[in-house]
Amino acid sequence: MKTSITQSKGLFRYKTIRKLLAAVFWLCVWQLIYFAVKQEILIVSPVHVLQKLAELSQDSVFWLTALFSMTHILEGFLLGVFAGSVLAFLTSVSRMLYDIFHPVISIIKATPVASFIILALVWIPSVHVPAFISFLMVTPIVWANVFNGIEKTDKNLLQMASAYRFGAVKTVQRVYLPSIMPYFTAACTTGMGLAWKAGIAAEVLANTHLSIGGQIYNSKIYIETDSLFAWTVVVIAMSVLLEWLMVRFMKTAGQKYNVEQ
């Protein structure tokens, strides 16, 4: 037991060191590009970006901006997860509903995000556009993955559940959930990244008040390259952090489910 724990800790340390070395490598590449270009208006050094981040973080508006952007994007993400999951269930039960909704989902997936953002600015108040766009981007991904998870559920297990008279609730818990969870986790992980990209793009075009996208837009207007890089780093950091937290939550939920079984 102790040997297994020691090996796990050693593997974790090795992976951590490897990731740190990769990060250092790309920071060095960034710094070399900065030295090669020698124009602050085109690219700033990592040191200057960190300095700008430290400066921004001292202002309460910075934290409010990050919080509001996160709230809007998470709102759209969660609505997309819910809508995609419900839609997957309905379309797996009814072939007619599948034929009705499949073209709409295909259109959403094929249409450029910028087109939806511009249309949304016409339809709804600009403050709600980031959440709406995040919702649109996440829904098709969750629908496709959860639908596949339902369709690929082992038919032999379903027959066994029927033979032992599991009932609907027990069949869902013991058969469908284990089949769907890997697809659902993959959908949420991919959807989170897309929600951030699309949501921030919506904020940029909508130039919403107290939003990261609005700050990026202002940085571009006033040619503040260091601020542009700093806010971009914030977007990446928040996206990675939320994705990591979500994966951890999924793993914990999965382990708890397995124990209860």
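The values are calculated or read from the model by the stated rules, or taken from the named source; none is laboratory data. Computed from a predicted structure; not experimentally measured. Positions of Cβ are backbone-derived with ideal geometry, glycine not excepted, and every protein chain shown enters the neighbour counts.
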Does any residue of the stretch 97-112 turn out to be assigned by TED's automatic domain parsing to the domain that holds Trp244, of a type in the set (Val, Ile, Thr), within 15 Å of the chain's Cα centre (by Cα) and modelled with pLDDT of 85 or more? no
Of the residues Ile100, Ile118, Ile73, which is without any contact (Cβ under 8 Å) to a residue 24 or more places away in the chain and over 26 Å from Pro178 (Cα atoms)? Ile100
Within the stretch 201-236, restricting attention to residues that are free of Cβ contacts under 8 Å to residues at least 60 places away in the same chain and of a type in the set (S, T, N, Q), which residue is surrounded by the most Cβ atoms within 10 Å (Cβ to Cβ)? Ser219
What do you reckon, is Phe82 modelled with pLDDT of 90 or more, in a helix (DSSP H, G or I) and within 21 Å of Phe135 (Cβ to Cβ)? yes
Within the stretch 70-97, residues surrounded by fewer than 15 Cβ atoms within 10 Å (Cβ to Cβ) and over 30 Å from Val127 (Cα atoms) come out as Val93, Ser94, Arg95, Met96, Leu97
Ala186 vs. criteria in the same structural domain as Pro112 (by TED's automatic domain parsing) and farther than 23 Å from Val61 by Cα: yes
If a residue must be farther than 22 Å from His102 by Cα and modelled with pLDDT of 70 or more, how many such residues does the stretch 146-156 contain? 2
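Starting from residues that are within 18 Å of Glu75 (Cβ to Cβ) and either of a type in the set (D, E, K, R) or out of contact with any Phe, Trp or Tyr (no Cβ under 6 Å at 6 or more places or on another chain) (or both), keep the ones in the stretch 109-120 and report whichever is surrounded by the most Cβ atoms within 10 Å (Cβ to Cβ). Break it down stepwise before answering.
Filtering the stretch 109-120 for residues within 18 Å of Glu75 (Cβ to Cβ) gives 113, 116-117, 120.
Next, only the ones that are either of a type in the set (D, E, K, R) or out of contact with any Phe, Trp or Tyr (no Cβ under 6 Å at 6 or more places or on another chain) (or both) stay: 113, 116-117.
Details: Val113: 17, Phe116: 20, Ile117: 22.
Here the residue is Ile117.
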